[in-house]
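Contents: one structure, followed by commentary.
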Amino acid sequence: MLDDRAKRLLKTLVDRYIADGQPVGSRTLSKSAGLELSPATIRNVMSDLESLGLVASPHTSAGRVPTARGYRLFVDTLLTAEPV
């Protein structure tokens, strides 16, 4: 369904959204995802994730937030727990 790049970006987006409670933009993701991708490339991947229903944009320039489906994918396949 998703390639490794899309999974990594979705994981980073959800992590940042949980930490900040604000929509996450492509520039923020380009700095924090650990991938050497331009904001434009990240916007293209985010657009693909949006068409899959995994993220949504509250309005045009707000960045993106995870949807319930995006959270479910994150919990089921991307979440990593560290021992306490």
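Each semi-axis of the equivalent ellipsoid for the chain is √(5λ) with λ an eigenvalue of the Cα gyration tensor; in descending order they amount to 18, 14, 13 Å. Considering only Ile18, Ala62, Ser38, and ranking their Cα positions along the charge dipole of the range 14-76 that arises from unit charges at the beta-carbon of Lys, Arg, Asp and Glu, the one farthest toward the positive end is Ala62.
Note down the nm distance, to one decimal, between modelled labels 7 Å out along Cα→Cβ at Ser38 and at Tyr71. Computed distance between label sites Ser38 and Tyr71 equals 3.5 nm.
Could you report the chain's accessible area per residue, 1.4 Å probe, as an integer in Å²?
Numbers: 5310 Å² over 84 residues.
Result: 63 Å² per residue.
Computed over the range 21-61, the convex hull of the alpha-carbon atoms projects to a mean area of 3.1 nm². With everything on Cα atoms, drop me the angle between helix 39-51 and the longest principal axis of the chain, reported from 0 to 90° to the nearest 10. Between helix and principal axis, roughly 70 degrees. The charge dipole of the chain, taken about its Cα centre with unit charges on the Cβ atoms of Lys, Arg (+1), Asp and Glu (-1) only, comes to about 160 debye.
The values are calculated or read from the model by the stated rules, or taken from the named source; none is laboratory data. Small disclaimer: the values here were computed from a predicted structure and weren't measured. All Cβ positions, even for glycine, are placed from backbone atoms using ideal geometry, and neighbour counts span all protein chains on display. Calculation scope for accessible area: heavy atoms of the full protein, side chains included, ligands and nucleic acids excluded. Shrake-Rupley method; radii C 1.70, N 1.55, O 1.52, S 1.80 Å.
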